[in-house]
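Reviewing the structure listed below.
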Amino acid sequence: MIKDKRTTLPIARIVEETENVRTFTFRMDVKAAPGQFIMLTDFKGGEKPFSISDNMLEDGKNGYLSVSIKRIGDFTRRLFDMKAGDIVSIRGPYGTPFFIPGKPDEKTPEVVSKIKPADFRPVLCGGGFGLPPLYLLAKRLLEAGVPAKNIKAVGAGRSEADLLFEQQFTGLGIPYTGAAESLDDVSAAASLEGGCGRICGTAAEALTEIATETNFVYASGPDLMMKSLIPQMPQDTEYQFLFERYMKCAIGICGSCATDPGGIRICKEGPALWRHQVEQLEDFGVYRRTASGAIELFENRLAGRDRA
Amino acid sequence: MIKDKRTTLPIARIVEETENVRTFTFRMDVKAAPGQFIMLTDFKGGEKPFSISDNMLEDGKNGYLSVSIKRIGDFTRRLFDMKAGDIVSIRGPYGTPFFIPGKPDEKTPEVVSKIKPADFRPVLCGGGFGLPPLYLLAKRLLEAGVPAKNIKAVGAGRSEADLLFEQQFTGLGIPYTGAAESLDDVSAAASLEGGCGRICGTAAEALTEIATETNFVYASGPDLMMKSLIPQMPQDTEYQFLFERYMKCAIGICGSCATDPGGIRICKEGPALWRHQVEQLEDFGVYRRTASGAIELFENRLAGRDRA
Amino acid sequence: MKNEIRTEFLGVELSSPLVLPAGVLDISFSSMNQVSAVGAGLVTTKSLTIESRKGHDGPVVAEVEGGMLNAMGLCNPGIDAGLEELKLLKTAAEADVEGPGNCPVNVSIFATDVNGFSDLAERVNNSEADFLELNLSCPNVMDEFGVPLAASEKTVAEIITAVKSVCVKPVIAKLSPNVTSLTRIAGAAAEAGADALCMINTLGPGLEIDIEAGRPVLSNISGGLSGPCVKPVALRLVYECRKSGLSLPIIGMGGITTGEDAVQMLMAGADLVGVGTAVYYRGPGVFGLINEELLSFLKRKGLESITDINRII
Amino acid sequence: MKNEIRTEFLGVELSSPLVLPAGVLDISFSSMNQVSAVGAGLVTTKSLTIESRKGHDGPVVAEVEGGMLNAMGLCNPGIDAGLEELKLLKTAAEADVEGPGNCPVNVSIFATDVNGFSDLAERVNNSEADFLELNLSCPNVMDEFGVPLAASEKTVAEIITAVKSVCVKPVIAKLSPNVTSLTRIAGAAAEAGADALCMINTLGPGLEIDIEAGRPVLSNISGGLSGPCVKPVALRLVYECRKSGLSLPIIGMGGITTGEDAVQMLMAGADLVGVGTAVYYRGPGVFGLINEELLSFLKRKGLESITDINRII
Ligand SMILES: Cc1cc2nc3c(=O)[nH]c(=O)nc-3n(C[C@H](O)[C@H](O)[C@H](O)COP(=O)(O)OP(=O)(O)OC[C@H]3O[C@@H](n4cnc5c(N)ncnc54)[C@H](O)[C@@H]3O)c2cc1C
Ligand SMILES: Cc1cc2nc3c(=O)[nH]c(=O)nc-3n(C[C@H](O)[C@H](O)[C@H](O)COP(=O)(O)OP(=O)(O)OC[C@H]3O[C@@H](n4cnc5c(N)ncnc54)[C@H](O)[C@@H]3O)c2cc1C
Ligand SMILES: Cc1cc2nc3c(=O)[nH]c(=O)nc-3n(C[C@H](O)[C@H](O)[C@H](O)COP(=O)(O)O)c2cc1C
Ligand SMILES: Cc1cc2nc3c(=O)[nH]c(=O)nc-3n(C[C@H](O)[C@H](O)[C@H](O)COP(=O)(O)O)c2cc1C
Ligand code: FES
Ligand code: FES
């Protein structure tokens, strides 16, 4: 019996979110928890991880699965050349999803497991294509009984065009702060009353402004972005970060995605890690491993190319 | 996942039934239906089929499985040298078991499927080591609500020593007729009132005498013995016969046990066959296939050695 | 008949591309007739030898994860009795008014040298056989006969040349996966004049140990591996033969259990598809089931025939 | 530590006969440390090459019935970076007060010719490595490098001779099952001076086709088969090496997933037992689980140590 069946199917729909980000939707009836990812291939060389951003159509129709993809290199460029109806192949969902209040497991820190949904006041902070998986998370939080007004979303990016999913979050009644290093219209940087608006700055700066009543932070994005949030959180705030590491097998055997020094596999024990796990990482924000397994320092990397 | 697990375990108990027949009991908790068989090996060359004769100890303790084995050739001789505690290995149970009234399936002839247990009046007729599996059948018939007085058992054999399981059947309250071609004490051939006693003759002769009220015949034994019963049954009596054919795989792929001309596999569709299946057999009582698959006519075989 | 996928093979028309391979439900005419009736397009006899063989002592089979080990030991009634079964099969199939039992027959033979094969092949000339298959690859009689003949290009070529010179039936060479390069051996077989290839025979062989007894489960110690887990190896070998330029018809087998498996085998480059061990998992009716599954795949994809998927990867 | 089954291997004491084989959770010091901590007695690095390799494009794995295909393509950071991980591993293991992470390390290397292997072997001399393993048998880079080196007795012997002449560490030759006679190759390796053998590398390789796309699932087309279904083949090969008189220590691997499997491997003739793909089925904790299962088997049978079951069939 095969545990891990592959599904090869036509793309049901492609929606352009920004010039470089598109949401691909597939007719696939699987249980997908927020933070989990799929491996996607077109059988033309390359199979890559993408976080699940939704599992229904806007009209509420179930049995769909969406991922929002940023055009970066060869593989994603090929995807951007595809049309609805073209065939791709998916395996997954994989990985340990985000925590949902009221549903603790043995890994949930005690203080968090006691929070009732009604008292849960999380910030969902995503950088670039890190934001879409937080949209599925937001839906699940609402379903679990967390009031929309308790939740705040921060979308961060280099420019305004990188601020994803504003409509989707506000559509759920969740205030959305866009934080960009450069804004097209600087005057758009309004006051963040109600946590809604734009700031010309980083995710961390946005968090400082809106996190006053926050008791939990979910973040998803580049290591450095996530790391920059920690000093801005009120003391002792528990959090979960969604990690990216180079993925090959996605089923926990090749070791490509393992973090140092504990060997936590991002494809299995992650992508969502708890604060107590994050605090033990030595590689976090310092280096990543490339496809060969070689260590690449962020310093050197940033000197070269920046993709946040 | 392995469907067909082997169990290797010590022999729990060996009981001598007659000089050449011993009952081997194993501590094995499996669902065994009457007519089914196991494949038994000692890993010293040879694995042979034996019918399940019981699945509990006399004191009613469950979780046991028994087979009654006749010493015939090399393999069974080796078994007779074994003691309780020695290790053997078993796979199974295999095959389609006997019909139990009240539990028809799609293969059960309509007239039979309608008979209520209380109206079921079967004769259980076994030749040599064909009798023990009928003991498990008798137990299941009683459990299904067939009254003991409705059931008659016939044990047939060459000599009195071949008349097996008399005590077991009478212990269940089932009258037992022993039919032997030679009786030690011919005066023992009493009247068969109540269907209990001895006759000096064949299984067929015994059936003629006791089958007056019978509406079903179960038989188990050599082909020729079973075939001889047919003319003695009241017209239109439905029956099931338990077949033996050369078995190798016991899981339906090698074709060793297939019958002609329909290809019915005794290890799968058999050993228990219905009258309508039996009536189509061309090999029944005419020939068997040897270990090589070659056809061996009974005529020639009987001229050589007779093992009934 | 509704589930027909008519296919041509070496000039003979078959009602299905599914083949009953040597060794499964094919000792007696009855079994072969039954398998033909439920949907096989071609049935193969058990590998026949000059003299009858009772085969190895039991246990002869052991289920393992993903498949099965067997060491039947080439039990067969001998070539003469085997060819008698063919006569019975033809009679039985003709008697069957429904007709579908009447499929072509491939006679498998096994010998240990060139003369042995020629000898057997000549006897097959005057039989009802449609094809002759040379089992060059049984892994279960190595203690008796040494490394399978299919391990040597030279031996394979010699046997095929000799058999082709005496045999009037199309000759199929059955090859072993247990060699460093099956592709080279397939090439040698093609060059020597084989009309088609059949691959793969069982893999390994493999050993399973009963830890309670501390003994091998099979009395022959090891046995050939077949069933679902050998499928990837079979597909790769068929594919590599095609990639190497081999154009002979191939009967592809090894673990084919579902219509999806059969589609894969056709895509890899096989022309017919053998279904053996799957009888254990899905019963003899597996032939009808796979025919149905194959047809419904073609339909769903809007394809006319299996030639549309054949060799496409 | 409670689940210890102390074992000696080439003069080094191990806390368990279980080995992490090359290619599974062994790219970084962290993974190796973790596997050591949960019960492996010896960990092997990913096969290291002179230059770093990013490996094949995905998909690189495909689950199949009874096992898994992989074509990672020998991704590794290169020998120098790889040996750096060893330093990190030793530091990390020493920092771990609980201690069990501190197990010996086997460095696997891969090259395409004698000089390449000698070169790599020399670099390993001055490292923290306890053993050196020669991967002579990767089936996943055949397009790039041709048939595995382990297919030729002569090549195997040459490489081992050359490596032995430069390397101060005990040398383990890792062999391929995909040859006509592994036993002969094992014999050649022994004669050339290998200190131990490791078998088997992945089987086949195999091909899996996606029928919807009409494309091979793996970007490399084929990939090596591992996992439960290769166990019978691995057991048979280890057993045959022993039967042929080979007395070198053997690390037996291929599909070992449970304590029962490990017992079978020891009975077949292995001295240590590799556990790779089982990590997929049972997680990295599989090492601890198998240690427990092995111990409870020994206990139930009233045996003192694994030498009581070693090579008993
Ligand atoms: C858990 C996880 C979730 C992800 N979710 C999303 C998502 O929702 N949307 C999205 O657009 N992107 C996501 N990514 C990143 C995405 O996988 C890469 O952007 C993509 O693989 C780039 O491929 P490329 O060929 O276009 O670019 P390349 O030129 O091949 O690579 C560009 C960069 O992408 C990253 N990358 C490439 N291959 C992999 C790989 N196999 N595993 C991990 N990172 C890789 C590396 O950082 C690399 O430097 C996620 C990554 C991970 C690990
Ligand atoms: C379904 C079935 C149920 C059986 N139940 C019983 C039983 O409950 N008790 C019992 O004593 N015997 C039973 N037998 C018969 C038993 O299997 C044989 O008596 C036994 O195999 C003889 O082995 P041997 O080596 O001692 O004798 P051998 O000298 O090898 O054989 C003597 C005869 O036993 C039969 N036989 C041998 N091997 C096989 C085989 N693999 N399959 C079928 N028949 C074989 C043949 O008729 C052969 O001529 C049953 C057979 C079948 C097919
Ligand atoms: C029980 C059994 C017996 C077999 N006997 C033979 C044989 O006599 N001759 C032969 O060429 N192949 C024989 N084979 C091999 C099959 O013909 C086939 O090549 C192999 O089993 C792979 O196909 P499968 O996985 O569909 O069974 C046998 C296989 C099995 C399972
Ligand atoms: C993902 C993966 C990567 C592997 N990489 C290597 C490798 O780099 N070098 C090597 O010698 N063997 C490699 N192997 C083979 C294993 O070391 C082992 O020989 C094989 O998988 C059989 O054992 P298993 O069934 O327990 O996995 C790899 C196996 C897997 C599954
Ligand atoms: S990608 Fe996580 S272990 Fe392979
Ligand atoms: S014994 Fe019945 S088919 Fe093999």
Checklist line | Where only C-alpha atoms are counted, convex hull volume of chain C per residue in Å³ | finding: 118
Note to self: What distance in nm lies between label points placed 7 Å from Cα along the C-beta direction at B:Asp236 and A:Glu143?
What the structure shows: 6.3
Next item on the list: Mind putting together the pair-distance distribution for region B:33-134? All Cα pairs, 5 Å bins, whole percent per bin, short to long.
Entry: 2, 10, 17, 20, 19, 14, 7, 6, 5, 1
Checklist line | Virtual spin-label span in nm between C:Ser247 and A:Glu106, 7 Å along Cα→Cβ | finding: 6.3
Item checked: Over 19 Å [Cα-Cα, region C:15-75], rounded percent -> 42
Next item on the list: Between D:Val12 and A:Asp59, with labels modelled 7 Å along Cα→Cβ, what's the label distance in nm to one decimal, could you check?
Entry: 6.5
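Quote to one decimal, in nm, the extra length available between B:Thr170 and B:Lys3 on full extension: 0.36 nm per residue of separation minus the C-alpha distance between them. Kindly include the intermediate steps, with their values, before the conclusion.
Values: separation 167, 0.36 × 167 = 60.12 nm, distance 3.82 nm.
Here the segment from B:Thr170 to B:Lys3 would lengthen by 56.3 nm.
Can you give the average number of partner chain beta-carbon atoms within 10 Å of each beta-carbon in peptide B:280-290, as a whole number? Write out the running numbers ahead of the final one.
Numbers: counts 0, 1, 3, 2, 0, 0, 0, 0, 0, 3, 4.
So the per-residue partner count for this stretch is 1.
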Check: Whats the longest run of chain D with zero GluC sites (Glu not before Pro) that are DSSP loop and have at most 12 other Cβ atoms within 10 Å?
Finding: D:99-303
Check: In straight Cα distance, which lysines are under 26 Å from B:Lys116, not counting same-chain residues fewer than 8 positions off?
Finding: B:Lys31, B:Lys103, B:Lys107, B:Lys139, B:Lys149, B:Lys152
Next item on the list: May I ask you to report, in nm to one decimal and beginning with the shortest, the distances from C:Ser244 to the same position in the other copies, taking label points 7 Å along Cα-to-Cβ?
Entry: 2.3
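Taking the Cβ-Cβ separation of B:Arg158 and B:Glu16 as r and a Förster radius of 22 Å, what is the calculated FRET efficiency to the nearest 0.05? List each step's numbers first, then the result.
Numbers: r = 19 Å, r/R0 = 0.84.
Between B:Arg158 and B:Glu16 the formula returns 0.75.
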Next item on the list: Counting other beta carbons within 10 Å of each Cβ, put D:Lys90, C:Lys154 in order, fewest first.
Entry: C:Lys154, D:Lys90
Next item on the list: Ignore the peptide's own chain and count Cβ atoms of other chains within 10 Å of each Cβ in A:28-39; give me the average, rounded.
Entry: 0
Check: What is the minimum Cβ-to-axis distance for chain B, in whole Å, where the axis maps B onto A, and to which residue does it belong?
Finding: B:Met1, 3
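Å³ per residue of the Cα convex hull, for the protein assembly as shown?
Working: hull volume 232.9 nm³, N = 1242.
Expressed per residue, the convex hull around the Cα atoms of the protein assembly as shown is 187 Å³.
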Checklist line | Shape of region D:235-281, Cα gyration tensor, a/c cut at 1.5 | finding: prolate
Notebook entry, point to check: How large is log10 I(q)/I(0) at q = 0.18, 0.25 Å⁻¹ when the Debye formula is applied to the Cα atoms of region B:7-93, each weighted equally and without solvent?
Noted result: -0.71, -1.47
Checklist line | Axis proximity, chain D to C: residue whose C-beta lies nearest, plus whole-Å distance | finding: D:Gly66, 1
Item checked: Lys, Arg +1 and Asp, Glu -1 on Cβ, resulting dipole of the protein assembly as shown about Cα centre, debye, nearest 20 -> 620
Checklist line | Exercise: per-residue mean of other protein chain Cβ atoms within 10 Å, C:30-37 | finding: 5
Next item on the list: Pop the C-beta distance of D:Tyr281 and D:Glu4 into the FRET formula with R0 = 25 Å and round what comes out to the nearest 0.05.
Entry: 0.55
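State which entries of C:Lys174/C:Lys231; A:Lys44/D:Lys54; B:Lys5/B:Lys61; C:Lys154/D:Lys174 exceed 19 angstrom in Cα-Cα distance in the structure shown.
On the way: C:Lys174/C:Lys231 16 Å; A:Lys44/D:Lys54 17 Å; B:Lys5/B:Lys61 24 Å; C:Lys154/D:Lys174 30 Å.
The answer is B:Lys5/B:Lys61; C:Lys154/D:Lys174.
Between B:Asp81 and B:Glu181, what FRET efficiency follows from the Cβ-Cβ distance if R0 is 35 Å, with the result rounded to 0.05? Could the numbers behind the result be given before it?
Numbers: r = 30 Å, r/R0 = 0.85.
Between B:Asp81 and B:Glu181 the formula returns 0.75.
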Notebook entry, point to check: Taking a label point 7 Å from Cα toward Cβ, how far is A:Asn20 from its twins in the other copies, in nm, shortest first?
Noted result: 9.0
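Rank-order B:106-113, B:263-270, C:110-117 by packing density, defined as the average count of other C-beta atoms within 10 Å over each peptide's residues, highest first.
B:263-270, C:110-117, B:106-113
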Next item on the list: Can you put D:Ser296, D:Ser219, B:Ser220 in order of Cβ neighbours within 10 angstrom, beginning with the fewest?
Entry: D:Ser296, D:Ser219, B:Ser220
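Quick check: convex hull of the Cα atoms in region A:110-297, volume per residue, rounded to a whole Å³?
Values: hull volume 22.8 nm³, N = 188.
Each residue corresponds to 121 Å³ of Cα convex hull volume.
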Next item on the list: Apply the Karplus parameterisation 6.51 cos²θ - 1.76 cosθ + 1.60, with θ equal to phi minus 60°, to every residue of region A:125-138 and state each ³J(HN,Hα) to the nearest whole Hz, in sequence, with x for glycine and proline.
Entry: 10, x, x, x, 6, x, 6, x, x, 6, 5, 4, 4, 4
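Please compute the Kirkwood hydrodynamic radius over region D:202-313, one decimal place, Å, based on all pairs of different Cα atoms.
Values: mean 1/r = 0.0655 Å⁻¹.
It is 15.3 Å.
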Item checked: Within region C:7-310: Cβ-based charge dipole about Cα centre, in debye rounded to nearest 20 (Lys, Arg +1; Asp, Glu -1) -> 540
Check: With charges only on Cβ, +1 for K and R and -1 for D and E, what is the dipole size of region A:7-93 about its Cα centre, in debye, rounded to 20?
Finding: 220
Check: To one decimal in nm, how far is B:Lys83 from the same spot in the other copies, if labels go 7 Å from Cα toward Cβ? Please give the shortest first.
Finding: 8.4
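Within 10 Å of each residue's Cβ, count the other Cβ atoms and sort A:Phe243, C:Phe297 from fewest upward. Mind showing how you got there, number by number?
Working: A:Phe243 27, C:Phe297 19.
Going from least to most buried by this count: C:Phe297, A:Phe243.
Each value in this text was obtained by applying a stated rule to the coordinates, not by laboratory testing. Computed from a prediction, not measured in an experiment: that's the story for all the values here. Note that each Cβ is placed from the backbone with ideal geometry, even for glycine, and that neighbours are counted across all protein chains shown.
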